[in-house]
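Down below is the structure, laid out as structure tokens.
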Amino acid sequence: QVQLVESGGGLVQPGGSLRLSCAASRSIDIMGWYRQAPGKERELERELVATITSGGSTNYADSVKGRFTISRDNAKNTVYLQMNSAKPEDTAVYYCKVVSWSGLYYWGQGTQVTVSS
């Protein structure tokens, strides 16, 4: 079992920045962020935002390329999402998702990000 603790969500103005963090209770292979927009309630409707492997390879959704940066600190088992140039359409609940070395995946509890003036 892996416990995940997310932090950093909140209200940000359009064009502003925010940083999300997700700390895992142990070493993890793949770490990433997904988001669930308002009105979408099913887990299947969560949209991939970005992922990063233990070796540092990254993958981004087209909608966030050039604005968001995912990074990780393997010593702290923590993944970060730096959100710059935020847009109202970035408003969502952001979930940390990790894949363990044995191939099991775990979700964080979610953190609300609202982009509004």
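The values are calculated or read from the model by the stated rules, or taken from the named source; none is laboratory data. From a predicted model like this one, the values you see are computed outputs, not experimental measurements. Cβ coordinates were reconstructed from backbone atoms using ideal geometry, including for glycine residues, and neighbour counts include every protein chain displayed. Only protein heavy atoms, including side chains, enter the accessible area calculation; ligands, DNA and RNA are left aside. Shrake-Rupley method; radii C 1.70, N 1.55, O 1.52, S 1.80 Å.
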- At a Förster distance of 25 Å, what's the computed FRET efficiency of L11 paired with T69, Cβ-Cβ distance as r, to 0.05? 0.75
- Query: Going through region 1-36, which trypsin sites (Lys or Arg not before Pro) have at most 16 other Cβ atoms within 10 Å and a DSSP loop state?
  - Reply: R26
- Message: Please give me, ordered by residue number, the chymotrypsin sites (Phe, Trp or Tyr not before Pro) of region 69-117 that lie in loop per DSSP and have at most 13 other Cβ atoms within 10 Å.
- Response: W101
- By a straight-distance test (C-alpha under 29 Å), which lysines pair with K87 as possible cross-link partners, with residues fewer than eight away in the same chain excluded? K40, K65, K97
- Note on the structure: Stretched fully, the stretch from Q82 through S57 gains (0.36 nm per residue minus C-alpha distance, one decimal, in nm) 7.4 nm
- Task: Treat every Asp and Glu Cβ in the chain as -1 and every Lys and Arg Cβ as +1, leave all other atoms uncharged, and give the resulting dipole magnitude about the Cα centre to the nearest 20 debye.
- Result: 180 debye
- Query: Based on the alpha-carbon gyration tensor of the chain, what equivalent-ellipsoid semi-axes (square roots of 5 times the eigenvalues) come out, in whole Å, largest first?
  - Reply: 23, 15, 13
- Accessible area expressed per residue, the chain, with surrounding protein chains retained (probe 1.4 Å, Å²): 52 Å²
- Query: In nm, to one decimal, how far is the Q112 label point from the Q1 one, both placed 7 Å along Cα→Cβ?
  - Reply: 2.8 nm
